[in-house]
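Every number in this text was worked out from the coordinates using simple rules, so none of it is lab data. Worth saying up front: this structure is predicted, and the values here are computed from it rather than measured. Ideal geometry is used to build each Cβ from the backbone, glycine not excepted, and the neighbour counts take in all protein chains shown.
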Amino acid sequence: MSPAADMAAWGAFLGGIAAFASFLKWGLPLLRRTAYFLDDWNGTLGRPGVDAHPGVMARLDKIEGELTVNGGGSVKDTVIQIKEQLNQHRNANREQHRDHDDAMHRLLEEDK
């Protein structure tokens, strides 16, 4: 082999090592993050000492369940109940103010 061919072979070999090292530095963390994302997306099964983690779709389904009326157990049911109570208090307050205003008008009429 000629010295130029030897240099080209060594250059290709070292270039391959550099490319492999670059993959190890940048590619493996990317693959690891991708694996973490997919585990989070799909969920993981429980194993001894570690609880199961539901996937994204299961968690979204749970959230959706809280945002629909289901007879008293969801967040939306609670919000509706609070809104109804607030309306009752507001109406009672309006009646009290009306009664108070009427009484004030009667007192002012009597003073004339």
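In percent, rounded to a whole number, the relative contact order of the chain is 9, using alpha-carbon pairs under 8 Å and six or more apart. Counting every other Cβ atom within 10 Å of each residue's Cβ, 22, 2, 74 order from fewest to most as 2, 22, 74. Think of the chain as having a plus end and a minus end, set by charges on the Cβ of Lys, Arg, Asp and Glu; of 71, 56, 46, 46 sits farthest toward the positive end of this dipole.
Which ordering of 80, 17 is given by a fewest-first count of other beta-carbon atoms within 10 Å?
Result, fewest neighbours first: 17, 80.
Using R0 = 22 Å, the C-beta based FRET efficiency linking residue 100 and residue 79 works out to 0.10.
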